[in-house]
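Let me begin by presenting the structure, written as structure tokens, before commenting on it.
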Amino acid sequence: MDKKYAKYLLEKTRDDYNAIADDFSSTRRFVWRGLESLYYYALPGDKILDLGCGNGRLLQVLKDTDYVGVDSSEKLIEAARKQYPDNKFLVADALHLPLPDNQFDKIYSIAVFHHIPSEELRLNFLKEVRRVLKPGGLLILTVWDLRRGRGLFFILKFIFSRFFGFSKLDLGDVFVPWSGKYQRYVHCFTEKELNSLFQRVGLIIEDTGRLRAKPGGPKNIYFIVRKQS
């Protein structure tokens with residue numbers, strides 16, 4: 001993908017989430033119970049980074065930790081600060097975190113990584129994660145599993161647009177609508193592709209699988225990966 005277009009997509013994603021922040025937050029007042037098995041990795045007293053924290057709802061299950069929430073959307077961080085005024089939230093780009101090296105025991109990134117355009121920027125994202133994780137620390141990451149079910153419609157739409165020269169997107173990239181007005185950029189990962197990215201930045205895969213965020217809902221791919229000690 002062209003670097004300028006990738007940068008445009010990053011900015012578009014931020015602007016889209018700013019625009020839908022109120023509506024988005026109202027549909028995400030509580031954590032997804034279907035991901036409950038992932039929350040147990042956080043231990044009381046752990047220093048936790050919630051990367052792409054949105055409105056900060058993970059605090060409902062991470063309240064006994066030393067928590068920091070980061071998101072590029074100013075409006076979502078505003079909602080998080082209003083809901084959880086005693087906690088630390090930062091507006092920041094995940095590719096350039098204003099945080100010191102080797103700081104966090106665990107990093108949660110729930111339904112965020114699929115919004116990062118281009119392989120180059122995805123590798124940059126993971127390098128930043130590795131930088132701020134403590135040696136032996138864990139990344140708990142999920143992405144939407146869009147290569148089945150409803151996602152197939154978006155992929156077929158991309159193939160049609162690409163064939164006729166209407167799209168600058170890479171293979172596996174789609175736009176997913178919100179309320180029919182905002183088109184959010186999403187990359188449809190395979191487990192093989194994610195495996196390769198983690199290995200290339202030196203993160204060790206400990207577990208992977210699929211979970212439904214809520215009963216009957218679409219599946220999410222999850223990975224638990226560790227920074228070498």
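The values are calculated or read from the model by the stated rules, or taken from the named source; none is laboratory data. Keep in mind that this is a model prediction, so the values were computed, not measured. All Cβ positions, glycine included, derive from the backbone under ideal geometry; neighbour counts span all protein chains shown.
Taking the numbered list (1) within 25 Å of residue 120 (Cβ to Cβ); (2) of a type in the set (Val, Ile, Thr); (3) touching a Ser or Thr at 6+ places or on another chain (Cβ under 6 Å) in turn, residue 91 passes all entries but (3). Looking across 97, 9, 90, one residue alone is modelled with pLDDT of 95 or more, touching a Phe, Trp or Tyr at 6+ places or on another chain (Cβ under 6 Å) and farther than 27 Å from residue 211 by Cα. It is 9. Using beta carbons and a limit of 7 Å, which pairs, at least six apart or on different chains, have the first residue in the range 171-186 and closer than 13 Å to residue 23 by Cα and the second one not β-branched (Val, Ile, Thr)? Cβ pairs passing all conditions: 178/184; 179/23; 182/16; 182/19.
If you check 111, 80, which single one turns out to be within 15 Å of the chain's Cα centre (by Cα), at pLDDT 95 or above and aliphatic (A, V, I, L, M)?
Matching residue, one of 111, 80: 111.
Of all the residues in the range 178-229, those that are farther than 13 Å from residue 145 by Cα and either within 16 Å of the chain's Cα centre (by Cα) or at pLDDT 95 or above (or both) number 19.
Are any residues in the range 65-90 more than 20 Å from residue 138 (Cβ to Cβ) and either part of a helix (DSSP H, G or I) or of a type in the set (Phe, Trp, Tyr) (or both), and if so, which ones? Selection gives 74, 75, 76, 77, 78, 79, 80, 81, 82, 83, 84, 89. Taken across the range 91-99, residues that are buried (at least 17 other Cβ atoms within 10 Å of the Cβ), touching a residue at least 40 places away in the same chain (Cβ under 8 Å) and assigned to a helix (DSSP H, G or I) do not occur at all.
Residues that are more than 20 Å from residue 182 (Cβ to Cβ) and not in a strand (DSSP E or B): does the range 102-111 have at least one? The answer is yes, given that some residue of the range 102-111 is more than 20 Å from residue 182 (Cβ to Cβ) and not in a strand (DSSP E or B).
Checking 126, 138 one by one, the residue that is modelled with pLDDT of 95 or more, part of a strand (DSSP E or B) and closer than 21 Å to residue 46 by Cβ is 138 and no other.
Is it the case that residue 159 is under 25 Å from residue 7 (Cβ atoms), of a type in the set (Val, Ile, Thr) and modelled with pLDDT under 95? Answer is yes for this residue.
Of everything in the range 72-90 that's free of Cβ contacts under 8 Å to residues at least 40 places away in the same chain and in contact with a strand residue (DSSP E or B) (Cβ under 7 Å, 6 or more places away or on another chain), which residue is surrounded by the fewest Cβ atoms within 10 Å (Cβ to Cβ)? Even if it seems obvious, please write down each step before you answer.
Going residue by residue through the range 72-90, those that are free of Cβ contacts under 8 Å to residues at least 40 places away in the same chain are 77, 80-90.
Checking the rest, the ones that are also in contact with a strand residue (DSSP E or B) (Cβ under 7 Å, 6 or more places away or on another chain) come to 77, 80-81, 87-90.
Working: 77: 23, 80: 25, 81: 16, 87: 18, 88: 12, 89: 24, 90: 15.
Restricting to residues being free of Cβ contacts under 8 Å to residues at least 40 places away in the same chain and in contact with a strand residue (DSSP E or B) (Cβ under 7 Å, 6 or more places away or on another chain), the top hit is 88.
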